[in-house]
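Remarks on the structure that follows.
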Amino acid sequence: MATRRDFIKQLSTVAGLGIASSLGLSFRATPVQAAPGLGDDWYVQEESLPQLRAFVAFGAQPAIWDDWTADVQDCIARIAKAIAQFQPVTVLCRSNELALAKRKCGTTNMRFLTTPLDDVWIRDSGANFAVDEQGGLYAIDFNFSGWGGKQQHANDAQVASLMSSDAKATYIRSQLTGEGGGIEVDGNGTAIMTESCWVNSNRNPGWSKAQVDAELKAMLGLRKIIWLPGIKGKDITDAHVDFYARFVKPGVVIANLDNDPASYDYAVTRTHLEILKTATDADGKRLQIHTLSPPRTLRSNKFTRDNPDFAPGYINYFPVNGGIIAPQFGDASADAASKALLEKLYPGRKVVQLNIDAVAAGGGGIHCVTQQQPRV
């Protein structure tokens, strides 16, 4: 199969409206509701707080995944089933694949919502839910653009508004373009973001860093953003933060530390670590930093061999009610170290490790293919 990077190269040769016609895209207007005044008090909660449900998108298709499509569907189903052990799951799927989605995912603690889809990355395309102190629920849409026009996305661009309607949330559409995988918050006013993702002309041309910072604070209920440089152009996301730094809770962060000198992430993860070690949160407190390093050995299979997009990131896990859904990659020592740290940092939660090679082959992980709705 061609990698996603190869797909990007193919896509880059098609310009303007030709992109839409070559990919069979149809552009539909998204209903827009004016954002409430900035004096309102909504904010995005830290992910480990109680959730009402999780969302996944059963959206793999041959146009993107080729002969890996069924493998990716199986992987999404495996993740959905693992989450359903802890809380309800809403599965988005195409109407003509409803029976297939039910067969692969099962129906225990599952609900199915049919809609056109392009792909599986609901963290990026879906709504970012926020709450207020009065129990209100908000759904923030960051105008998913296929990571800056790198992949077909007309259907996935509608997912955030669909999730908002389904959750009966107040819909808020940001002026920024970006993705949920580029957002990491502590629920107490602090976020970590990468400049390579948000301050990037492929998403937000003409926006200064200060303007991006102000809009993100307004949309997410933030008081401070800790900016990491990230790295542009090395992966389809331009370095989403959820592969580099995650909040366990306010004041506690897990950072990715790549120990392979040949990796393009070797230097940047060290730069990130130095920034995080000296950073303070919105209340001026220093952060407690833990590190997890990617595996040095992988299972040898069709997903890992000669695939520069394979993304073996341990910090791309998903907290659920009473559990942590985490990846394992076949490196016994590294897998065990990841599980041990997660058990330490999330006491009382069951850490469930899954083989996600099919999804990792496309450059993502468990966090990338899930999205949570907070319990209010």
Ascending count of other beta-carbon atoms within 10 Å, so fewest first, for Lys209, Lys339, Lys168: Lys168, Lys209, Lys339
For Tyr43, Tyr244, order by how many other beta-carbon atoms lie within 10 Å, fewest first: Tyr43, Tyr244
Amide H contacts under 5 Å for Leu228, placed H, 5+ residues apart: Met193, Thr194, Glu195
Residue of Asp66, Asp357, Asp335 that the Gaussian network model of the chain assigns the largest fluctuation, springs spanning Cα pairs under 10 Å: Asp66
Leu113 long-range amide H proximity, modeled H, under 5 Å: Val91, Leu92, Cys93
Cα-centred dipole magnitude for the chain, charges only on beta-carbon of K, R (+1) and D, E (-1), debye, nearest 20: 520
Distant-in-sequence amide H partners of Asn321 (H built 1.01 Å from N, under 5 Å): Gln51
Segment 249-314: translational diffusion in µm²/s, Stokes-Einstein, Kirkwood Rh over Cα pairs, 37 °C, 0.692 mPa s: 241
Debye-sum result for the chain in log10 I(q)/I(0), which assumes one identical scatterer on each alpha carbon, at q = 0.08, 0.09 Å⁻¹: -0.36, -0.46
Sorted by Cβ neighbour density within 10 Å, fewest at the top, the residues Thr269, Thr170, Thr108: Thr108, Thr170, Thr269
Normalised convex hull volume, segment 49-175, alpha-carbon set, Å³ per residue: 106
Sparsely packed GluC sites (Glu not before Pro) within segment 114-216, loop by DSSP, other Cβ within 10 Å at most 15: Glu133
Computed P(r) (all Cα pairs; segment 178-296; 5 Å bins; percent): 2, 12, 23, 25, 20, 12, 5, 1, 0
Ratio Rg/Rh, restricted to segment 234-376 and using Cα atoms, in which Rh is the Kirkwood radius: 0.95
For segment 290-351: span of alpha carbons on each principal axis (Å, largest first): 39, 20, 17
Summed residue charge, Cβ within 12 Å of Leu342's Cβ, Lys/Arg positive, Asp/Glu negative: +3
Percent RCO, i.e. relative contact order, over the chain, from Cα pairs under 8 Å lying at least 6 residues apart: 20
The chain: most fluctuating residue of Ile140, Ile76, Ile64 per GNM, C-alpha cutoff 10 Å: Ile64
Value of relative contact order over segment 151-249, rounded to a whole percent, pairs C-alpha under 8 Å and six or more apart: 31
Pairs from Lys302/Lys344; Lys232/Lys285; Lys234/Lys302; Lys217/Lys350 whose Cα-Cα separation, in the structure shown, is over 28 Å: Lys302/Lys344; Lys232/Lys285; Lys217/Lys350
Selected from Arg123, Arg78, Arg305 as most flexible by GNM, with the chain as the system and alpha-carbon contacts under 10 Å: Arg305
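Laboratory data are not the source of any read-out in this text; all were calculated from the coordinates shown. What you are looking at is a predicted structure, and each value in this text was computed from that prediction instead of being measured. In this analysis, Cβ positions are derived from the backbone assuming ideal geometry, glycine residues included, and neighbour counts consider all displayed protein chains.
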